[in-house]
Amino acid sequence: MTTRSTTGSLTPQAIAAEFRTRLAASLEMLCGAQVEVAEAPPPSGVECEWRAHPLDTQPGSQLYTAAPEIIGRAIGARVLSAAGLDDFTDEDVSGSYTEVLQSALSAVAQFLGRALAADIALLEAVVCGADSPAAFEVCYQLQFEDQTLAPLCFGVSESLLSILERHAQEEEDGPKSESAPDASPNNPVRAPIASGASRASGTAGATGDDDLSRVLDLELPIRISFGKAKVALQDVLKLSTGSIVELDRSIHDPVEIIVNDRVIGRGEVVVTEGNYGVRIQEIVSLGSA
């Protein structure tokens, strides 16, 4: 493990621990089996393909993952087998492995966003090559009941480490206090001047905003549709525990986000803080819904 740390609560070690936790959750959800993720020695004499996963914050802020091709194929195959598939292509395997990584890394991006009080999203991954580009990295071993897979590495870019160091420094310094303006004959303190509309009508000018606020507080149920299927009645009567109903959508198709029986968007399923969620990829206009 590359040892570089910062002071404060948000450290590269904390980010790696979050990835480790989310990776285990993602694997257990998608593979349908328990897995233990533990630190492992860095790969020696094994060629790994490093991927950069950019974050939409400061340029150069990236997370990294790496694993030998055989590890990615093994994980992808386990995901597809858990979904009941036994005939799949190399593209299916690669896509399933990517889905595992995306689920874990999206949760890490949200973890960073909460810590830095910013909206941080994960962007499309880019293949880097065999040499590690990470300023901080740690490797893991995946222990399934019937199989051990290693290594799978995680890393953080130099630019992201700089953000963590600045955040740690700000935590150490504490919030900056702003002194109140000096009330003196040469520097009088004046109350804010209300707008013309507010002066003329008192609180009446806010009526429209209040009405809109009441509407915006209404809660609408959101449904997520994975797909649908038409099944003959005789086949419905045969359904039992363990039966599989095939939907009209592949594992790579986006799910539909539905409000009031209208499709308002589409996205991909993710795991966040132990719960299912949907990362929105497309907002559907009313005309095309």
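Bear in mind these aren't lab numbers, they're just calculated from the coordinates by the rules spelled out. For clarity, every value in this text was computed on a predicted model and none was experimentally measured. Methodologically, a virtual Cβ is constructed for each residue, glycine included, from the backbone with ideal geometry; neighbour enumeration extends over all protein chains shown.
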Net charge dipole size for segment 12-169 [Lys, Arg +1 and Asp, Glu -1 on Cβ; Debye, nearest 20]: 560 debye
Estimated dipole of segment 220-289 in Debye, rounded to 20 [Cβ of Lys and Arg +1, of Asp and Glu -1, Cα centre]: 160 debye
Order these by the 10 Å Cβ neighbour count, fewest first: Phe88, Phe154. Phe88, Phe154
If we count other beta carbons within 10 Å of each Cβ, what is the order of Ser103, Ser96, Ser61, fewest first? Ser61, Ser103, Ser96
Give, as a single signed number, the net charge of other residues whose beta carbon lies under 12 Å from the beta carbon of Asp92, with Lys and Arg counted +1 and Asp and Glu -1. -4
Collect residues whose amide H, placed 1.01 Å from N in the peptide plane, falls under 5 Å from the amide H of Ala40; neighbours closer than 5 in sequence don't count. Cys139, Tyr140, Gln141
Lys and Arg at +1, Asp and Glu at -1: add these up for the other residues within a Cβ distance under 10 Å of Ile280 and post the number. 0
